[in-house]
1. Restricting to region 355-372, what's the tally of residues that are more than 13 Å from the ligand (Cβ to nearest atom) and surrounded by 15 or more Cβ atoms within 10 Å (Cβ to Cβ)?
2. Which one of Asp451, Asp421 is within 21 Å of Lys344 (Cβ to Cβ), of a type in the set (Asp, Glu) and not assigned by TED's automatic domain parsing to the domain that holds Thr220?
3. Which one is least open to solvent (accessible area, probe 1.4 Å) among residues in region 30-58 that are of a type in the set (D, E, K, R) and within 13 Å of the ligand (Cβ to nearest atom)?
4. Just to be sure I understand the filter: pairs with C-beta atoms under 6 Å, separated by 6 or more residues or on different chains, first member in region 186-207 and closer than 22 Å to Val154 by Cβ and open to solvent by less than 50 Å² (accessible area, probe 1.4 Å), second member β-branched (Val, Ile, Thr) and at pLDDT 85 or above. Which pairs pass?
5. Given (1) open to solvent by 20 Å² or more (accessible area, probe 1.4 Å); (2) over 23 Å from Tyr561 (Cβ atoms), where does Leu238 come up short, assuming only one miss?
6. Look through Pro396, Pro436, Pro378 and report the one residue that is surrounded by fewer than 21 Cβ atoms within 10 Å (Cβ to Cβ) and within 25 Å of Arg62 (Cα to Cα).
7. I'm trying to understand the selection: among the residues of region 373-405, which are more than 14 Å from the ligand (Cβ to nearest atom), assigned to a helix (DSSP H, G or I) and not small (Gly, Ala, Ser)?
8. Select the helices (runs of 4 or more DSSP H) contained entirely in region 430-510, then report the ones holding at least 1 residues which are basic (Lys, Arg), over 20 Å from Ala19 (Cβ atoms) and within 15 Å of the ligand (Cβ to nearest atom).
Amino acid sequence: MLNEFVHVPRIAYFSMEIALRCEIPTYAGGLGVLAGDTLRSATDLELPMVAVSLVSRAGYFRQEIDAQGRQMEHPASWVPAGHAQSLDARVAVTIEGRKVWIGAWLYVMEGHMGGRQPVLLLDTDLDENSGDDRKITHYLYGGDNVYRLKQEIVLGLGGARLLQALGFTIRHYHMNEGHSALLGLELMRRFSYSAEDLRPGESLYDFPRVRDLCSFTTHTPVEAGHDRFPYEMVLRVLDDDFDIGMLKRLAGEDSLNMTRLALNLSEYINGVARKHAEISNAMFPGYRVHAITNGVHPYTWTAASFRQLYDHYLPGWCHEPQLLMRADCCIPDADIWQAHVQAKQHLIAKVQILTGVTLDPAIPILGFARRMTAYKRPDLLFSDLERLKAIAGKRPFQIVLAGKAHPRDENGKQIIAQLHDHARALAGTITVAYLPDYDMALAQMLTAGADVWLNTPLPPMEASGTSGMKAAFNGVPNLSVLDGWWLEGCIEGISGWAIGNAADLPDGDAQALYDKLDQVVLPLYYDDNGGWIKMMKNAISKNASYFNSHRMMRRYATEAYVR
Ligand SMILES: *Cc1c(COP(=O)(O)O)cnc(C)c1O
């Protein structure tokens, strides 16, 4: 069953999480959705890849929210056999002195244009293993630091070995985040010279060859966000035969820093937006960090009503989303509005089913959905409830929210509870709905059915952000703080709106948000329907035409994979 895939050399794409489809919970948020969109674009563009990830049988988690706004976490278990084929091959890694066997599931991603790509989901839940080793690939981002290190051993070392055992020819390795950086150790082992052949001073390892084979994408604009493991733990857990002195030189003297390791073993390094690359260059002096701004997959993130429009007026857009740049001139206003009305109706119906809250189709919806964590500032909109009510008193609007907090992010959970308090306090003046269990399917409905997509991160924490790009594919303009991709996407008053200036202190952001909403966004919506539709078209023609994963993959292909 692998014959179809192994005869052509492929790019191996390693990611701890990957959003393959709505029913498979092997992702937590933006990083996994990006990995999925990467593979979806490679599928449409017929760029031969093979993705490697963990099977995460227990998923991330299913979120339920009680009447007090408390998040409850339930397992999101899935049955791999329902979607993927079990492969016979086995490879082993040594963990804590034991042999841990790794098998894999083959999931075949099938594109809507006929492309197919293999995905290997690594699994240690095998009869050959005992006790806790069977659970190493169970929980996505669960467990402690030791558990995490074990997962990264399985992903990096195990993944590289399994590709070889299955007969894949890999022309390039792409590490999506530092989690898989241990694959570099496996390549070093593979491309080392025997000691007798070396002249004094020569390296045992063929570093140029390893580096030439590897690219690394970093996603985290803060030092604390990078995985680190103390060497006493590394020595205990990863006692595979490797050269600890060399590892310290590559990954940091004090602790094993996965980002350092990836930086040192990759010839091509990139950040996920221009500003993020700048920050990364300052954070990692001595390395050249390129910028490839993220994108989203065109077909996946476009609502049915807009797909029909684009198919009719801009045929070929699914292969060349640049064609969307003509949307402003080539699609009639009435068609755009009608397509939006449909997407909004779908969202309103879903909100009713999930929460019992009734939204009014004649009133604009502000959408905000993403990981609930402090730096995203989900509560910024609610900083001054009286001001918010006053604005809504003049021109009404309604708010739809969604998002999960990581089970160990107590602060994130508190924010969810506070948002529920705010919703209660605003009842009667502003309708607020909070949708539980944010996932790909909800993201599709929300980014298409809202009228304005709101984003309020604390700069410079948003490396890129992608949900606003999904909104653009559905003609939904962004209202966002200038950070991540929006620094590149925002043309003020044309493709959307900025909250504050890039040079301002973030303290003023709430004020700036209220002012923009009150004086610009809502007046345009209510008083100038033609102007509003122009804005919608510009979101498509100026933002969706560029911030898509086809453009992103064409750049990875020509700048990272083929050099
Ligand atoms: C797109 C997406 C994200 C990322 O959204 P950001 O705006 O980048 O935070 C997170 N979760 C899900 C389910 C998504 O679809």
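The values are calculated or read from the model by the stated rules, or taken from the named source; none is laboratory data. Small disclaimer: the values here were computed from a predicted structure and weren't measured. Cβ atoms come from the backbone with ideal geometry, glycine included; neighbour counts cover every protein chain shown. The area values use the complete protein model at the heavy-atom level, side chains included, leaving out ligands, DNA and RNA. Shrake-Rupley method; radii C 1.70, N 1.55, O 1.52, S 1.80 Å.
1. First pass over region 355-372, keeping only residues more than 13 Å from the ligand (Cβ to nearest atom): 355-366.
Pick out the ones that are also surrounded by 15 or more Cβ atoms within 10 Å (Cβ to Cβ) and you get 355, 357, 359, 363-366.
Total meeting the criteria: 7.
2. Numbers: Asp421 fails: within 21 Å of Lys344 (Cβ to Cβ).
Of Asp451, Asp421, the one residue that is within 21 Å of Lys344 (Cβ to Cβ), of a type in the set (Asp, Glu) and not assigned by TED's automatic domain parsing to the domain that holds Thr220 is Asp451.
3. Here is the first cut: in region 30-58, the residues of a type in the set (D, E, K, R) are 37, 40, 44, 46, 57.
Those still in the list that are within 13 Å of the ligand (Cβ to nearest atom) too: 37, 40.
On the way: Asp37: 1, Arg40: 22 Å².
The residue in question is Asp37.
4. Leu187/Val210; Met188/Val210; Phe191/Val210
5. (1)
6. On the way: Pro396 fails: within 25 Å of Arg62 (Cα to Cα); Pro378 fails: surrounded by fewer than 21 Cβ atoms within 10 Å (Cβ to Cβ).
Only one candidate qualifies: Pro436.
7. If the condition is that a residue be more than 14 Å from the ligand (Cβ to nearest atom), assigned to a helix (DSSP H, G or I) and not small (Gly, Ala, Ser), then Leu380, Leu381, Phe382, Leu385, Glu386, Arg387, Leu388, Lys389, Ile391, Lys394 are the ones that fit.
8. On the way: elements: 440-449, 467-473, 486-489.
Correct list: empty, since no element meets the threshold.
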